[in-house]
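Heads up, the thing below is written out as structure tokens.
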Amino acid sequence: MTFWTALKATYGGSIAFLIACPLLAVIPVAFELLQHAVEVHIGMYDSIAAAKAVEHHPLRMAFGMLKVAALTVPIYWVTRFLPHRDARFAATLEPRAVRLFAGVLAFDLAMTALQLFLAPRTGGAILAMFVVGQIVGCMIMAWGVAAAFGNRAIGPRASITIMARHLPWTFAFSLVVLLPLMIPHYALTAVVLAGPKPLLWPVLIVDSLLVGWLTAVMAAGSYYAATRAAGMAGIDLMADDAVGSEHVTQPA
């Protein structure tokens, strides 16, 4: 799978997921709206100065952790949806897969807590944590995909082995996947800070919908990057007994 092919598959797969699984897709949107409501409550959008003053408000940080969970959990659904565009299979809470994916979620929340509550908030430290976070995320992609399918054979160590030699490709791919939606996301934030206040909630609603799409895009990008790396190593990330013998095991 080439870079361009994977990028097209990521965006095409994310849109297919949003259409096929609207109730699942709206969950991160709801949590994004909830965090925006908290931000409005603490006065974050009153001015640029106010935004800087309350950026690390405890209430915002607490709801930020909830939002991170809401952005991580859809990886389970999107990953299960993509191989065969099967909405029913995507939504199935298969016990072993849920148990394995809970480990991925716990790890992701721990990394987020480290960044939000323990890391220095200087510009250099924030950039360093972003780069480190991206690298760690790239290295555990195969673990997250395998867990969503209930595949116990691929844990964190095996994931690192699979992804390590593809780190430059995966790192660049992850950034390119984000850019088309992150740019308007930050642009909308600028609008709510500097624009007319009657536009506040309409813009925040649009931004929340955008974050819902971004969530599906990030999950799809992880799926295609991980299955590409695993496929080049001759490794199947899908557990046969989790998907059934009628399902092929190659990336879509």
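The values are calculated or read from the model by the stated rules, or taken from the named source; none is laboratory data. Not measured: the values here are computed from a predicted model. Here the Cβ positions follow ideal geometry from the backbone for every residue, glycine too, while neighbour counts run over all protein chains shown.
Mind listing whichever residues of segment 19-33 are among the small types (Gly, Ala, Ser) and either on the phi > 0 side of the Ramachandran plot or surrounded by fewer than 21 Cβ atoms within 10 Å (Cβ to Cβ) (or both)? Listed by number, the residues that qualify are ALA20, ALA30. Being touching a helix residue (DSSP H, G or I) at 6+ places or on another chain (Cβ under 8 Å), within 21 Å of ALA30 (Cβ to Cβ) and either in a helix (DSSP H, G or I) or of a type outside the set (Phe, Trp, Tyr) (or both) is a property that LEU167 lacks.
Number of residues in segment 107-129 that are surrounded by fewer than 12 Cβ atoms within 10 Å (Cβ to Cβ) and assigned to a helix (DSSP H, G or I) equals 6. Entry remark, segment 72-91: residues being part of a helix (DSSP H, G or I), closer than 14 Å to PRO22 by Cα and in contact (Cβ under 8 Å) with a residue 12 or more places away in the chain number 7 in total. The C-beta contact set for segment 191-217 (first residue of a type in the set (A, V, I, L, M), second residue exposed (fewer than 14 other Cβ atoms within 10 Å of the Cβ) and not in a helix (DSSP H, G or I), distance under 9 angstrom, 6+ apart or interchain) comprises LEU193/SER47; ALA194/SER47; VAL203/GLY195. If you go through segment 164-209 and pick out every residue that is more than 20 Å from the chain's Cα centre (by Cα) and closer than 20 Å to HIS41 by Cα, you end up with 14.
Within segment 31-59, restricting attention to residues that are assigned to a helix (DSSP H, G or I) and in contact (Cβ under 8 Å) with a residue 60 or more places away in the chain, the residue that is farthest from THR122 (Cα to Cα) is LEU33.
Of everything in segment 42-60 that is hydrophobic (A, V, I, L, M, F, W, C) and surrounded by fewer than 14 Cβ atoms within 10 Å (Cβ to Cβ), the residue that is nearest to MET218 (Cα to Cα) is LEU59. Would segment 206-219 turn up any residue that is out of contact with any His (no Cβ under 7 Å at 6 or more places or on another chain), over 17 Å from SER14 (Cβ atoms) and at pLDDT 95 or above? Yes, because at least one residue in segment 206-219 is out of contact with any His (no Cβ under 7 Å at 6 or more places or on another chain), over 17 Å from SER14 (Cβ atoms) and at pLDDT 95 or above. Going through (1) within 17 Å of THR10 (Cβ to Cβ); (2) touching a residue at least 24 places away in the same chain (Cβ under 8 Å) one by one, ILE183 falls short only on (2). Looking only at segment 69-106, residues that are among the polar types (S, T, N, Q), under 11 Å from ALA148 (Cα atoms) and surrounded by 18 or more Cβ atoms within 10 Å (Cβ to Cβ) come to 1 in all.
For segment 12-30, a residue qualifies if it is closer than 23 Å to LEU204 by Cβ and either in contact with a Phe, Trp or Tyr (Cβ under 6 Å, 6 or more places away or on another chain) or part of a loop (DSSP other than H, G, I, E, B) (or both), and exactly one does: LEU24. Here ARG96 meets the list (1) assigned to a helix (DSSP H, G or I); (2) touching a Leu at 6+ places or on another chain (Cβ under 8 Å); (3) not hydrophobic (A, V, I, L, M, F, W, C) almost entirely, failing just condition (2).
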